[in-house]
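Trainee: This is the structure I want to talk about, given as structure tokens.
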Amino acid sequence: MSTFEKRAAARRARMVFSRAKSHEQAEQWDLAFWQSLSPAERLSAHVAILRDVALVQQAHINHQENTDGSSQ
């Protein structure tokens, strides 16, 4: 299992879900959820998101590099 897959599995185990009847209700739930976390937990979540975005961007670059040369 890759590092990404391990992090994804750990993230799925911590996920909290809610069902909203409107966008406004979803926004209120989201705000309450994030405010219930400590500053350290919010920062940790932000850093994890940034890391995942960087991994996706790098994977996209790698894919482009691998497919650009194959058509010549």
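Any read-out appearing in this document is the output of simple, stated calculations on the displayed coordinates, not a laboratory observation. Keep in mind it's a predicted model, so treat the numbers as computed, not measured. Methodologically, a virtual Cβ is constructed for each residue, glycine included, from the backbone with ideal geometry; neighbour enumeration extends over all protein chains shown.
Trainee: Taking the stretch 22-35 on its own, how many of its residues are assigned to a helix (DSSP H, G or I) and exposed (fewer than 10 other Cβ atoms within 10 Å of the Cβ)?
Mentor: Here is the first cut: in the stretch 22-35, the ones assigned to a helix (DSSP H, G or I) are 23-35.
Going one step further and asking which of them are exposed (fewer than 10 other Cβ atoms within 10 Å of the Cβ), we end up with 23-24, 35.
Here the count works out to 3.
Trainee: Counting only residues that are of a type in the set (S, T, N, Q) and exposed (fewer than 10 other Cβ atoms within 10 Å of the Cβ), how many does the stretch 37-72 have? Walk me through how you get there before you give the answer.
Mentor: Restricting attention to the stretch 37-72, the residues satisfying the condition of being of a type in the set (S, T, N, Q) are 38, 44, 57-58, 62, 64, 66-67, 70-72.
Going one step further and asking which of them are exposed (fewer than 10 other Cβ atoms within 10 Å of the Cβ), we end up with 38, 66-67, 70-72.
Residues that pass the stated criteria total 6.
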